[in-house]
Structure formats: C-alpha cells, structure tokens
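The values are calculated or read from the model by the stated rules, or taken from the named source; none is laboratory data. In this text, all values refer to a predicted model and were calculated from it rather than measured experimentally. With ideal geometry, Cβ positions are generated from the backbone for all residues, glycine too; neighbour counts draw on all protein chains shown. Side chains included, ligands, DNA and RNA excluded: accessible areas come from the protein's heavy atoms. Shrake-Rupley method; radii C 1.70, N 1.55, O 1.52, S 1.80 Å.
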Amino acid sequence: MKQGVDFGYGIKSTLVQCLVLTTTYFLNVQQGIDVMMPTIIIGALESNSGDNTVPGITTEQISWIGSLVYLSPPIGSLFLSLVQVRLGHRACMALTNLIQLSAVLVVVLFPITVSTLYACSMLMGLSTGFATGLSISYSGEVCEPKLRGSLTSALNVFYFVGFFFVSTTYAITKSWKQSLIITVAVPLANMVTLSLTPDSPMWLLSRGKTDKARKVLMKLRGYVSEEKCATEFQEMVQYVSLSAKSEEAKQKNTSILGSFSHPGLRSPLKLMLIYIFFSNVMSGVPYAPYLMHVFKSFKTQAEPAWAMSAYPGFSIIGNVFTILLVHRLGKRCLVLSTITFCSISYLLIGFIGQFYADAEYAEYASWAKLALFFGSTVSSSLGVMPIGWILMSEVFPMKSKNLGCSICSAVYFFLSFFMTKFYMDLEGFIGFYNTFVLFGGVGLIGLVYFYFRLPETENKTLKEIAEQFKLEPV
C-alpha cells in the first residue's frame, strides 16, 4: 500500500498514545460486557438451572430483554452530540462510567423482575451509546495518522475482551447476577485512568485554547519539543479553522433539513449508513443475543456456554490481526476480503445444514458448521466490523464529526434493535439455515457496492481525507 503521512515521532510517541487511550479501552471493555450481558441473561432464563430467577417469563419478554440494549443507545448518542462539544471528552467519559454503575445497582438494589431486567438492559444500552461515540471521536482526534487505523482497531479488541470476560465469568460462576456484579471492577478502574486523560487537542482548539492544545499535542507525541510537532499542529489548526469559517454559512441555513443536506455531511453519511447495514449482517448482529440457541442448533458436542465463551476469543484474534495488517494492506483491502469470506461461510453453513443433516454425515457436518461460523467470526472481526468504526472517526469534517458519528451510532443501534428483535420471527418464517443463506446473499451485494464505492483512507491526515471526499466542513 502507498505510504502516506509520517511525522517521525518514534516509539515513545506510540507508547504515550497507547497509554492515553487506556480510558477508551476500558469504555470498550464495558461496552462489550453491556452488549453480551443480555445474551447471558437470556441463556440463563431459558435454561432449567436455578439461575432462572423469573419463572414463567415469555418468549416475547425475552426478545425485549435481548433487543432493548440496542434500542436505548441512540438516546445516549443523541444526548452526547448535544453536550460533547461544550463539555469535552473527559466529562462525558465520567458520565458514562456513572451510567454503567447504575445498570448494576438496579439489579443489586431491586427485586429481579421483568421490569428490572428491562431497566438494566436499557441502562447498559444508554452507556453503550455514550461509549461508542466517545471512543471513536477521541481516538480519531488524538492519534497521529500512521497509527490511527491500528490504535482505533484496538478498540474492538477490548470490546471483545469485555465479551470474553463476562461470558467466561458466567461459564465459571453459572450465575448471571454474580457475573454482572463482578463487572463493576471495569468502570471503577476507568475512573482512576480518567484522571490522567487529557482532552483532545482538536477539541481544545475548537474552544479557543490554542496554547493548551499545543502542550497536549506535545505530550501525546512523546513529550517532544514544540518545533517537532509544529507541522502536525499547523495541520490541526487549518482543519479546525476551515470548520470555523463554515459557521457563518451554517447559520444562514439554520433548518435541520438544510444541515443534513450539506455535502460535508451528506456524502460520508450516505457511505457510512450503507456500510453499517452490511457490517451488521456480516458480523452476526441479528443472532448475537441468541448465540446459545445457534450453537444448540448446530448440534455439536461442544457445550453451548463454553462455545459462547469461545466466540469473543475468536473475535479478539481477528481484531489483533486488524491491528497488525491495517497499516500494511489498507482498510479497503481488509473490508473487501473479509466480506467475501463471511458471505461464502454463511452460504456454506446454510448449504451444509440443508443437505447434510442426515445421520451419516451429521457429526462431521455439525463440526464443519461450527468451524465455518467461527471462521466468519474471525473474518468479520478482522475487517468489516472494526474498519467501520475507524472510518466513522475519519470521514466527517470537524464541525459535523459529532453529529455524523451520533447519527451513525444511532442508526447502528436502531438496525441492531430491529435485527435482534425480529431475528427469531425471520428464522421461524424461512428456517434456521435459510437465514445464513440470506445473510450470505446480502453480503455478496455489499461486496459489489464497496468494490466501486469504498475509498482508501489509511495513513492520511483528516485534512487529506476531507479533500479526498471533496468536502467542505459543515
């Protein structure tokens, strides 16, 4: 891949940026816990174990527990878009930690009822809406161009670390409530790291704090001299200045529809909304709350609870390869190749399930389906899923970044809500294995679209990406 911008800061700068991003990594661990927790609760409630704390719960109520965690994040994303510009990243991160703690307190302080589980799921979704936008925007603003792709990819590693942590805890304790209480350690640890986290230089520039922004950038680049980071700082000043100059034009067109129709937001937003749809399908969002049901349907000898614990493990492997490969191969290559692999895997799972389910081939077929499923998990976690969040931090100009990221986050979670809420209805209508055939076919359509429409943004400054999209900051 063609080399782009390299300011030549060295290994010390890389280490400092990794340390500064610790807070965002904790946020993503908690985000993974929040998204996986309803899956664990559903598996426990549907089992015959003593952990079924709500006897007589209906299938409809279970589907709401699994999907509400995707319905409330847009509320968090919308609120974040309104307050982040004024409060900055650090204050919003502190608020996110408090919401995460409140989700656990609801279960600890009140009797376990359907309403309690609804409230817990919604609070976890609300914190997820906050964490998603904060992690993306902060990492996109503090990382130097050559590291942005790799370090932002690491967010997804920690997201699946949260998956793995809580699912393994449940496999050991056999109690979803104990598992949830143990996860309190994550937001508590994050409160400590937050005290050492600076606001981003770009946000400080947008608030007129030029001297402080320069000092923070010098710290982020390994405590270098002012002269060493002068070129990058000037790029940031120009980038923020372009956004500021557009304020007058923006004020002349104050309608909401006018803001949405501006090309500075419209062009990347169109790309990202289409990307989110195909990414959700390829990364298995529809069946995520029903993983234990999926593994049982494969009819392997593997214990469903431990298979569910292995799922985030394979996702972590994929994300680690993203970190290692994104700078070498570029985002476009990873997206196209992983969509291809996921689509073929889904089609094969559907084909094997339909035509090799008889007794003679049943055992081999079950293991083949499980292998293909985990192969698609590694593949989607390597490319199509993490790259989407990286692109979201890059493609929007400064003044529309919060709005663009909030819209994308809201659409992601709305789509996730509908996909998870009605997945069982879809399965009942067309059959379990035909859902994989459908997902594989959708993936091939996405492959064709992205082949012609997805640009390469790896190792480019935010200013260069804006020029590549031919954008005028909104």
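Please compute the net charge surrounding residue 383, taking Lys and Arg as +1 and Asp and Glu as -1 over other residues with Cβ under 11 Å from its Cβ.
+2
Using a 1.4 angstrom probe with every protein chain in place, what is the largest-first accessible-area order of 192, 184?
192, 184
Collect residues whose amide H, placed 1.01 Å from N in the peptide plane, falls under 5 Å from the amide H of residue 54; neighbours closer than 5 in sequence don't count.
Amide H neighbours of residue 54, under 5 Å, 5+ apart: none.
To the nearest 10 degrees, how steep is helix 73-109 against the longest Cα principal axis of the chain, on a 0 to 90 scale?
30
At a 1.4 Å probe radius, carbon and sulfur cover how many percent of the accessible area of the chain?
Accessible surface attributable to carbon and sulfur in the chain totals 66 percent.
Based on alpha-carbon positions alone, could you give the equivalent ellipsoid semi-axes of segment 301-363 from the gyration tensor, as √(5λ), descending, whole Å?
30, 18, 7
What do you get when you divide the Cα radius of gyration of segment 28-176 by 2.2 N^0.38 Å, with N the number of residues?
1.12
Net charge near residue 91: determine it from the other residues with C-beta under 13 Å of the C-beta of residue 91, scoring Lys and Arg +1 and Asp and Glu -1.
Summing Lys and Arg as +1 and Asp and Glu as -1 gives +2.
Residues of segment 9-120: accessible area per residue at 1.4 Å, in Å²?
So segment 9-120 comes to 38 Å² accessible per residue, rounded to a whole number.
Starting from the residue with the highest accessible area, list 211, 34 in decreasing order, probe 1.4 Å.
211, 34
Using a 1.4 angstrom probe on the protein heavy atoms only, could you order 463, 270 from most to least accessible area?
270, 463
Determine the distance separating the Cα centre of segment 96-124 from the Cα centre of segment 20-47; give it in Å without decimals.
13
Counting helices only, and only those DSSP H runs with n ≥ 4, report the 222 nm mean residue ellipticity of the chain as the sum of -39,500 (n - 2.57) divided by its residues, in deg cm²/dmol to the nearest 500.
Here the helix-only value at 222 nm equals -26500 deg cm²/dmol.
Convert 20 °C to kelvin, take the viscosity as 1.002 mPa s, use the Kirkwood radius over C-alpha pairs of the chain as Rh, and evaluate the Stokes-Einstein diffusion coefficient in µm²/s, rounded to a whole number.
94
How many times 2.2 N^0.38 Å is the alpha carbon radius of gyration of segment 408-455?
Against the empirical 2.2 N^0.38 Å value, I get 1.39 for segment 408-455.
So if I take the alpha carbon set of segment 370-474, get Rg, then get Rh from the Kirkwood formula, what is the Rg over Rh ratio?
1.04
At 20 °C and 1.002 mPa s, grab the translational diffusion coefficient of segment 96-199 from Stokes-Einstein with a Kirkwood Rh over Cα pairs, rounded to a whole number in µm² per second.
140
Grab the other residues whose beta carbon is less than 15 angstrom from that of residue 452, score K and R as +1, D and E as -1, and report the net.
Net local charge, residue 452 excluded: +2.
Based only on Cα atoms, what Rg/Rh ratio does segment 379-423 have, Rh being taken as Kirkwood's radius?
1.06
I'd like to check one number: the per residue accessible area of segment 344-469, probe 1.4 Å, reported in Å² as a whole number.
40
Suppose a student asked you for the relative contact order of the chain, using Cα pairs under 8 Å spaced at least 6 residues apart; what percent would you report?
Value for the chain: 26 percent.
Holding the Cα-Cα limit at 20 Å, pick out from 331/463; 331/369; 12/215; 174/421; 270/331 the pairs that are longer than that.
Violating the 20 Å limit, Cα to Cα: 331/369; 174/421.
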